[in-house]
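Structure first, then comments.
The values are calculated or read from the model by the stated rules, or taken from the named source; none is laboratory data. Computed from a prediction, not measured in an experiment: that's the story for all the values here. Neighbour counts run over all protein chains shown; Cβ positions are idealised from the backbone, glycine included.
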């Protein structure tokens with residue numbers, strides 16, 4: 001690192017997992033899942049639903065908008081086939097928590113949603129389950145299916161309570177649809193309601209951002225995620241908008257952080273704020289830094305100690321469609337092996353453990369040798385501090401997480417990510 005991160009762009013990139021999927025490549029010889037799960041006891045499950053009613057202007061997730069009914073039917077039948085194969089290969093592994101994401105899982109019909117939850121039931125022992133939803137699809141009928149299956153956390157992507165900002169973000173929702181969804185979610189009685197909001201939308205001001213925050217707080221969500229806007233290649237906004245202004249995003253971040261902390265929320269990362277915090281909250285949901293995690297569905301990642309794997313990744317509609325079609329055409333035998341991913345040696349595993357815990361505001365007692373100089377510079381710059389329990393980001397460091405995270409990527413992984421061709 002040259003110079004101080006205080007002088008760099010605070011929004012170098014959102015590092016939500018490590019290594020990122022753009023570092024995955026064909027593995028060469030297929031790797032048996034049975035051999036992988038002999039070494040790891042899976043403890044988390046992730047099911048990916050790659051469908052949405054419409055792709056939002058900022059979205060670069062692996063998802064297909066407005067899929068034909070027959071594609072959804074074929075996808076579900078294939079997911080059931082994959083689950084049967086993977087279930088037989090897990091041995092005595094115990095999965096005690098799960099998440100269903102996308103895409104928008106609740107775009108599925110109530111019957112299809114129940115079928116996905118039945119798949120989850122093959123693997124999960126325990127009650128901690130999280131599902132993502134949208135204002136248009138959080139209907140009482142679908143939420144009743146989730147509640148009946150024991151789902152404990154539902155995450156609603158609102159992004160903004162301001163109609164003009166929603167339109168700018170190319171997001172298909174209205175104020176009344178958001179209110180109806182929130183009313184239905186609270187009526188369903190889920191233990192944890194999370195709301196996602198975005199700051200940095202073109203035209204957004206400190207006043208409009210505060211209105212959105214206060215509108216969200218009226219529903220007393222147990223959890224909120226505040227995301228800075230990133231305009232990614234191949235997204236709708238990339239064709240229409242300039243990149244957001246860094247100084248405005250930082251102003252809005254600080255406004256949101258201070259408002260939520262003042263309302264009794266605890267900050268668990270740059271983005272994540274909890275209203276209720278129990279001793280075991282951090283252990284409830286699948287986490288990227290250490291869990292052995294099973295991924296089911298096209299687009300889902302699986303994590304084992306030495307190998308992360310998934311299907312190929314794309315953003316553009318043609319690329320996504322081709323990957324979904326190829327996945328549906330797989331044989332049962334194909335689901336017993338990993339063919340696309342990245343191998344992690346001991347140094348990369350140590351880096352991953354440190355990076356993910358450090359950015360989650362945990363104290364880290366051991367710093368990988370090749371990161372010690374970098375961390376020392378963070379401490380010198382007041383962005384991190386050593387305590388008796390280990391090193392932790394300071395409030396100023398938390399605000400610069402999206403500059404610190406990318407700086408922690410190894411040269412080898414960075415080169416693979418740079419070589420990935422967006423499609």
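Data table
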quantity: Qualifying residue in region 21-33 (condition: in a loop (DSSP other than H, G, I, E, B) and at pLDDT 90 or above); calculated: yes
quantity: Cross-chain or 6+ apart pairs with Cβ under 8 Å, region 167-195 first and in contact (Cβ under 8 Å) with a residue 60 or more places away in the chain, then surrounded by 15 or more Cβ atoms within 10 Å (Cβ to Cβ) and assigned to a helix (DSSP H, G or I); calculated: 169/237; 170/237
quantity: Whichever residue in region 148-179 is surrounded by 17 or more Cβ atoms within 10 Å (Cβ to Cβ) and assigned to a helix (DSSP H, G or I) and, among such residues, is modelled with the highest pLDDT; calculated: 178
quantity: Sole residue being free of Cβ contacts under 8 Å to residues at least 60 places away in the same chain and surrounded by 21 or more Cβ atoms within 10 Å (Cβ to Cβ), chosen from 303, 313; calculated: 303
quantity: Some residue of region 110-126 being at pLDDT 95 or above and part of a loop (DSSP other than H, G, I, E, B); calculated: no
quantity: Test: residue 133 is touching a strand residue (DSSP E or B) at 6+ places or on another chain (Cβ under 7 Å), modelled with pLDDT of 90 or more and closer than 30 Å to residue 228 by Cα; calculated: yes
quantity: Residue in region 217-238 that is in the same structural domain as residue 147 (by TED's automatic domain parsing), assigned to a helix (DSSP H, G or I), touching a strand residue (DSSP E or B) at 6+ places or on another chain (Cβ under 8 Å) and crowded, with 16+ Cβ neighbours inside 10 Å present; calculated: no
quantity: Counted residues, region 364-402 - those being in a helix (DSSP H, G or I), crowded, with 18+ Cβ neighbours inside 10 Å, in contact (Cβ under 8 Å) with a residue 40 or more places away in the chain and in contact with a helix residue (DSSP H, G or I) (Cβ under 9 Å, 6 or more places away or on another chain); calculated: 4
quantity: Some residue of region 359-369 being under 22 Å from the mean Cα position of the chain (by Cα) and at positive phi; calculated: yes
quantity: Among (1) closer than 13 Å to residue 57 by Cβ; (2) assigned to a loop (DSSP other than H, G, I, E, B) - the single one residue 190 does not satisfy; calculated: (1)
quantity: Any chance residue 320 is buried (at least 19 other Cβ atoms within 10 Å of the Cβ), modelled with pLDDT under 95, part of a loop (DSSP other than H, G, I, E, B) and within 21 Å of the chain's Cα centre (by Cα); calculated: no
quantity: Some residue of region 90-101 being assigned to a loop (DSSP other than H, G, I, E, B) and within 23 Å of the chain's Cα centre (by Cα); calculated: yes
quantity: So residue 182, is it at pLDDT 95 or above, over 20 Å from residue 198 (Cβ atoms) and touching a strand residue (DSSP E or B) at 6+ places or on another chain (Cβ under 9 Å); calculated: no
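Quick grid of which residues meet (1) under 25 Å from residue 133 (Cα atoms); (2) without any contact (Cβ under 8 Å) to a residue 40 or more places away in the chain; (3) out of contact with any helix residue (DSSP H, G or I) (no Cβ under 6 Å at 6 or more places or on another chain):
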site	(1), (2), (3)
19	no, no, no
22	no, no, no
28	no, yes, yes
45	yes, no, yes
51	yes, no, no
56	yes, no, yes
69	yes, yes, yes
73	yes, yes, yes
